[in-house]
Amino acid sequence: MARYSGIGGKSPRITGPLMRFVRISLALVFAALAAASSSAGNKPDRRSYTAAVTPGAKALIEDRLVALDARLAGDDQRTRFILDLNRKVELAAFTLIDPYRVIVDLPEVAFDLPAAAGRKGQGLVSAYRYGLFAPGRARIVLDATGPVAIDKAFVLEGLEDQPARLVVDLVKTDREAFIKNAAIEKRTESIASPAPSARKTDRETPAASDGLPVIVIDPGHGGLDSGAIAPSGEEEKAIALAVALRLREKLEHTGRFRVVLTRSDDTFVPLAERVRVARSNQAALMISIHADSISRNEGEARGASIYTVSNKASDKEAARLAEKENKADLIAGIDLSGQNDDVVGILYDLTHRETKNFSGQFARTLAAEIKSAALLNRDTLRSAGFIVLKAPDVPSVLLELGFLSNPEDVKMLASEAWRDQVADAMTGAVQSFFATRVAAGGNR
Ligand SMILES: [Zn+2]
């Protein structure tokens, strides 16, 4: 512990986190005053009051657990991760291999951290992510630069002038020791926390008796998996969700479909769970919504693309994309070491030819709709081994709305008008797809 005197709990820090704490306390006082004047019959400007309360202050009012600040300290032999919290909490910490990761599981936390938190590493940590992992459970994933061991993991009680502090100390180790530790931690962890897929959510809707075809809309990523991030900060997970919610509204408005979302808020959902939602709802169609990003030296790619599943990728770019999208579970800190290559547990070779034909047909319909609405800069139909599209009995496509690496695309993806237009085009595609199927005697 002495080693950490410069960065640990004993040093009197009155900078960043404390200032945030003070700011939130002030916001609380303000909120209390606003509430008091409201109950006294006055009419305060509620709009400006609402805007002044940060998510952290709001959570404090509701007695929720709030993360106020996070930082890394140390070097490539020992590294400390510190998270300031509004109160003490129980934690579980363990490691995962390939790639090397350290997972910290917490009860539900409102993360009121600076936007750039976790993007830059230090010492043994190259980056970290945080967010809701499952209802009632938050998770932090630290990407390690190599094999590390958790030397200590604990939470210090908050003092009068200091927030509670979660501390994880990592030390450098070798691969062999890492594997040994991970095996021990795994046994402890599996007792401590249920698998995320074991939870009950609103996705568990019973089969409808209305006979309407079920459309599953799958907004990519979520929770601690942000997906692609634009240089200006826009996140793929938020764009995908916004378009998905709009599409749901429009599809429901037609009165011709029943719509199920794999997620309707900022929660992480494992890939296999998304496939399970489509299958258990006997979906007639699944649409997975994403936005791509490529590094600068790969050219100025932009525009939407539509993908279907195949064992062999149609081209190099499709293979790259599928590999990236299939990493979502790794990014969220799910242990895949016990699973075989096919996460969903389905041999895609057994897929009904019918499903494949319908997927291709819908992909072409969607491309035509999007193109005629002048929303598509290229109408490429590609295919690759996307896990999320592997339900053998559900026709499915993955739509990449555009590129977050392209400033023009970002402007478009962030625009309410564009989102509305693309949801309209998708609704049109779904309608003409089912009209064709009914005309051809399709029964689903
Ligand atoms: Zn994605």
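Couple of notes before you dig in:
- Derived scalar couplings ³J(HN,Hα) [the stretch 226-232; Karplus, 6.51 cos²θ - 1.76 cosθ + 1.60; whole Hz; x for Gly, Pro]: 6, x, 5, 10, 6, x, 7
- Here the gap between HIS352 and VAL171, fully extended at 0.36 nm per residue and compared with their Cα-Cα distance, gives a gain of 60.1 nm.
- Nonlocal amide H pairs with ARG258, under 5 Å, H built at 1.01 Å: VAL214, ILE215
- Amide H contacts of ARG101: LEU96, ALA144, each under 5 Å away and 5 or more positions distant or on a separate chain (H built 1.01 Å from N in the peptide plane; Pro and chain starts excluded).
- For a paramagnetic label modelled on ALA116 (point 7 Å from Cα along Cα→Cβ), amide N atoms under 17 Å away belong, within the stretch 128-155, to 128-129.
- Over the stretch 208-439: Kirkwood hydrodynamic radius from C-alpha pairwise inverse distances, Å: 17.5 Å
- Residues whose amide H lies under 5 Å from that of VAL109, counting only those 5 or more places away or on a different chain, are ALA138; hydrogens are built 1.01 Å from N in the peptide plane.
- HIS290 sits among other residues whose Cβ lies under 10 Å from its own Cβ, and their net charge, with Lys and Arg +1 and Asp and Glu -1, is -3.
- In sequence order, calculated HN-Hα J values of the stretch 107-118 (Karplus, 6.51, -1.76, 1.60; Hz; x Gly/Pro): x, 4, 10, 8, 8, 9, 9, x, 4, 8, 4, x
- Maximal additional length on extending the ASP161-ILE184 stretch stands at 4.5 nm, based on 0.36 nm per residue less the C-alpha distance.
- Residues in the stretch 249-256 carry Karplus couplings, in order, of 4, 5, 5, 5, 4, 5, x, 10 Hz; the curve used is 6.51 cos²θ - 1.76 cosθ + 1.60 with θ = phi - 60°, and Gly or Pro positions show x.
None of the figures in this text is laboratory data; all of them are computed from the coordinates on show. In this text the structure is predicted, and so the values were computed from the model without any measurement. Neighbour counts run over all protein chains shown; Cβ positions are idealised from the backbone, glycine included.
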